[in-house]
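Here is the structure we will look at, set down as structure tokens.
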Amino acid sequence: MSQPNALNPHGLRIVLVLQGGGALGAYQAGVYQAMHEHGLAPDWIVGTSIGAINAALIAGNRKENRLTRIRGFWERVSHPDRIDMEQVSDSQRRSNITFNTIHAVLSGVPGFFTPRWWNGFAFGWPVAPEAASFYDTAELRDTLAELVDFDYLNSPESTRLTINAVNVASGQLTHFDSRKMRLEPDHVRASGSLPPAFPPVRIDGQLYWDGGLYSNTPLESVLNSLPEGDTLCFMVDLWSSRGPEPMTLDQVQTRQKDVTYASRSIRHIEDYARMHRLQDKMRDLYERLPPDKRTADDERDLAELGCESTLHIVRLPYVGRDWHMAAKDVNFSKGSIDWRWNQGYADGMRAVGDAAWLRKIEEDTAVVVHELPSIRDRRHNGTRQGP
């Protein structure tokens, strides 16, 4: 009989929440590596956009293959650097990043997307809805089919996977859930179809866009359908809701992206805690009723509200500044990808080392957010301005 994990002695259900952010998603992979190495395998992964891709690579492979497959994806989409990023000045590093980003915009990213050079969409002409974009993501479908075992993903023994996308016609958020339907590469591709760069994906007759258009951090999906029992949720944020006042066009565009795609989790958490308190109050008031005033219908309604439980949220924010470049999510430089992965791994190790969810909390606590412990020496807060 295996020994219980000291980091999860009570067998808390583990959830991993991954938001969208393009090339910044390498940070998520590093966080997962730290979890993987410490036996904190998620029971449920919820992802949007690049988070959906990382989620599928994890959930769609057996534990022994996960790191190899997720590493394989990020190596495939990385663009080789002309210089050794560790051996040059910050200005040279930024020049290399600019070159690589322009190359990605003009030539696409192998295994991910390619430009549509002869498409009337760029000139304002009507085209088929599936071609209404500047790039084609057919290569991503092939990459996912190769690196994700979809038969395993859709089997009862796999990790539960929920992918968020927006229905183009209704504008409503759709949850593609492996426990409710069979997931295929196009479900993942739909979650990352951010217009007008990427085309919508048609599934069962309906067109879908990137789930980040509705909500880029899919924590709300978790809060709305938490199973019974205490839960440990790792939430990886790629965009910062706070930042300096912008002074240049590039800084304005960067800040706009950060604000647009930053997590709205605080509001969702506050709403969840408020609802939890109301439920507790309803149970308390019901217990005060005389026995002859209680009914079977009341008992059933209270049971449907769920049991008392605690949600531990470990928030891991990517804090790389990327020189405040608006196109940071299109920077697939190999050095940048490796740097972000390493930062995610380092932050994941800090979270695991702190293990704040093991500390005693007050009874009847609905949700508690654990921030990373501060450290003085962080490379992205030092002289290096970007990855």
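The values are calculated or read from the model by the stated rules, or taken from the named source; none is laboratory data. Note that the structure is predicted; figures quoted are calculated from it, not measured. Note: ideal-geometry Cβ built from the backbone for every residue, glycine included; neighbour counts use all protein chains shown. The protein model used for the area step is the full one, side chains on, heavy atoms only, and it has no ligands, DNA or RNA in it. Shrake-Rupley method; radii C 1.70, N 1.55, O 1.52, S 1.80 Å.
Residue by residue through segment 91-111, note down the ones that are hydroxyl-bearing (Ser, Thr, Tyr) and open to solvent by 50 Å² or more (accessible area, probe 1.4 Å). Within segment 91-111, Ser91, Ser95, Thr98, Ser107 meet the criteria.
Search segment 199-221 for residues being in a helix (DSSP H, G or I) and surrounded by fewer than 22 Cβ atoms within 10 Å (Cβ to Cβ), and hand back the single one that is farthest from the chain's Cα centre (by Cα).
Residue satisfying both the conditions and the ranking: Leu213.
When Thr114, Thr162 are checked against the criterion of being outside any helix (DSSP H, G or I), among the hydroxyl-bearing types (Ser, Thr, Tyr), under 25 Å from Val77 (Cα atoms) and open to solvent by 20 Å² or more (accessible area, probe 1.4 Å), a single residue qualifies: Thr114.
Applying the selection to segment 335-375, what residues are assigned to a strand (DSSP E or B) and open to solvent by 50 Å² or more (accessible area, probe 1.4 Å)? Break it down stepwise before answering.
Of all residues in segment 335-375, those assigned to a strand (DSSP E or B) come to 367-371.
Result: Val369, Glu371.
Being open to solvent by 30 Å² or more (accessible area, probe 1.4 Å) and closer than 30 Å to Ala104 by Cα holds for only one residue in Gln3, Gln28, Gln33, Gln19, and it is Gln33. Of all residues in segment 131-159, those satisfying the criterion of being more than 20 Å from Arg116 (Cβ to Cβ) and open to solvent by 40 Å² or more (accessible area, probe 1.4 Å) are Ala145, Glu146, Asp149, Asp151, Pro156, Glu157.
What number of residues in segment 187-196 are under 20 Å from the mean Cα position of the chain (by Cα) and surrounded by fewer than 18 Cβ atoms within 10 Å (Cβ to Cβ)?
Taking segment 187-196 and keeping what is under 20 Å from the mean Cα position of the chain (by Cα), we get 187-195.
Then keep just the ones that are surrounded by fewer than 18 Cβ atoms within 10 Å (Cβ to Cβ); that gives 195.
Count: 1.
Reported count of residues in segment 131-159, each being without any contact (Cβ under 8 Å) to a residue 40 or more places away in the chain, in a loop (DSSP other than H, G, I, E, B) and acidic (Asp, Glu), is 1. Just one of (1) open to solvent by less than 20 Å² (accessible area, probe 1.4 Å); (2) part of a loop (DSSP other than H, G, I, E, B); (3) among the hydrophobic types (A, V, I, L, M, F, W, C); (4) over 22 Å from Gly353 (Cα atoms) trips up Val88, so point out which. The failed condition is (1). Identification of helices (runs of 4 or more DSSP H) wholly contained in segment 2-84 with 2 or more residues that are within 21 Å of Lys334 (Cβ to Cβ) and free of Cβ contacts under 8 Å to residues at least 60 places away in the same chain yields 63-77. Residue count for segment 307-333 satisfying the condition of being open to solvent by 20 Å² or more (accessible area, probe 1.4 Å), modelled with pLDDT of 90 or more and within 21 Å of Asp364 (Cβ to Cβ): 0.
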